[in-house]
Amino acid sequence: MPSLISPEPSVLSTWKRPAPTKVDLPWADISVIDISTFDEPGGKEKLAEQLQHAVETTGFFSITGTGFTDEEAGEKKVMGTEVLDNVESVNIAKFIPELASEPRHEFFNPYLAEIEDFSRRSLALASKIFTLFALILELPPDYFSSKHLYSSKSEDHLRYMIYRPRSIAQDALVSNSWSRAHTDFGSLTLLWSQNVAGLQIKTKEGGWKYIPPVDGGIICNVGDAMQFWSAGYLKSTTHRVTRPPADQDHIHRLGLFYFVRPGDEVDIAPAPSPLLKRLGMVKEDEGEGVREKVTGLQYVRERVKNYHDHNNYEDRKGKTFKVGGLEIEDEAV
Ligand SMILES: [Fe+2]
């Protein structure tokens, strides 16, 4: 077990949230869902209704009323050791006995109790979103959340990330790309909203729009596993990060994420959803237990390999990804 107490944690400098850009950018129109009503009578159903359009179109939406404070998400960002061009990031696995041997920099030791709490609450929040997905697909409410238990071994990770500013000349050499176009492999990504513009999603028409900052919000996006589970109904949209606009291009761009991935042992089969059956996206006899099982771990490993085998995920439109007896079109939009 990680040690929870250290007498003298090092003092971290306070991070000041940068101001939003004043540059007029092509912002994406994403739904903002106040999830604080989740436990009210009829709350989940109403939220599922609000969410349906977002997940059918881009799979990107923002949630507010999450219980996470700005201070928690903003003032203690830390830097890791894995250096990738102008990006540094550190991934932190779930705090469960099966993953206790995952290497962790000692820098984090004084903060482990706080980070564990953040990690557990992140998945608890994601569970609410999974419940809404299940309601949308007319499945038992715990259909997806039960496949993403905190106690189950999976490749979930909490990520702290920093993009360092680069000169115009350096960025020009990489076409202003800070993160190449891709979809997320897992089930759901939570990204704490921040003000430095740069994250863009690919539109149906093939253009790019910026994800707008949402005060106190968490940007959520559907990943490939969830797209798989829903036979393409829930959209995992291609996105990328580009050089920020001129009034923010000198700022260190911080990122805080929780990536939810399917439990290692769960079956990644299209869900036997009445909605998907009515839409003809899932056959009557399709679903768990009718063919060879593809596990979450097998799925994630194959998906990561597939990604690294292709230079730019933008080019995958119309191509299919296959794992076991399952197949899905990449970029189904
Ligand atoms: Fe991503």
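Structure above, values below:
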quantity: Filter result (within 12 Å of the ligand (Cβ to nearest atom) and either over 15 Å from residue 261 (Cα atoms) or of a type in the set (Val, Ile, Thr) (or both)) within the range 219-236; calculated: 219, 222
quantity: Residues being surrounded by 13 or more Cβ atoms within 10 Å (Cβ to Cβ) and out of contact with any Leu (no Cβ under 9 Å at 6 or more places or on another chain) - total across the range 63-73; calculated: 3
quantity: Subset of the range 13-66 [of a type in the set (Ser, Thr, Tyr) and in a helix (DSSP H, G or I)]; calculated: 36, 37, 57
quantity: Single condition residue 79 does not satisfy, out of (1) modelled with pLDDT under 90; (2) part of a helix (DSSP H, G or I); calculated: (2)
quantity: Matching residues, the range 156-180, being more than 16 Å from the ligand (Cβ to nearest atom) and of a type outside the set (S, T, N, Q); calculated: 164, 165, 166, 168, 169, 171, 172, 173, 174
quantity: Residue match in the range 223-241 (condition: of a type in the set (Ser, Thr, Tyr), over 23 Å from residue 139 (Cβ atoms), surrounded by fewer than 24 Cβ atoms within 10 Å (Cβ to Cβ) and in contact with a Gly (Cβ under 7 Å, 6 or more places away or on another chain)); calculated: no
quantity: Residue count, the range 27-46 (criterion: more than 19 Å from the chain's Cα centre (by Cα) and touching a residue at least 60 places away in the same chain (Cβ under 8 Å)); calculated: 4
quantity: Residues satisfying the stated conditions in the range 181-206, i.e. within 13 Å of the ligand (Cβ to nearest atom) and among the basic types (Lys, Arg); calculated: 202
quantity: Residue satisfying all of: in the range 1-26; exposed (fewer than 10 other Cβ atoms within 10 Å of the Cβ), under 30 Å from residue 97 (Cβ atoms) and among the aliphatic types (A, V, I, L, M); modelled with the highest pLDDT among these; calculated: 5
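Residues checked against (1) closer than 30 Å to residue 27 by Cα; (2) modelled with pLDDT under 95; (3) more than 23 Å from the chain's Cα centre (by Cα); (4) crowded, with 20+ Cβ neighbours inside 10 Å:
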{"site": "254", "(1), (2), (3), (4)": "yes, yes, no, yes"}
{"site": "259", "(1), (2), (3), (4)": "yes, no, no, yes"}
{"site": "262", "(1), (2), (3), (4)": "no, yes, no, yes"}
{"site": "265", "(1), (2), (3), (4)": "no, yes, no, no"}
{"site": "275", "(1), (2), (3), (4)": "no, no, yes, no"}
{"site": "280", "(1), (2), (3), (4)": "no, yes, yes, no"}
{"site": "284", "(1), (2), (3), (4)": "no, yes, yes, no"}
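The values are calculated or read from the model by the stated rules, or taken from the named source; none is laboratory data. Predicted model only: the values in this text are computed from it and were never measured. Note that we place each Cβ from the backbone using ideal geometry, even for glycine, and neighbour counts take in every protein chain shown.
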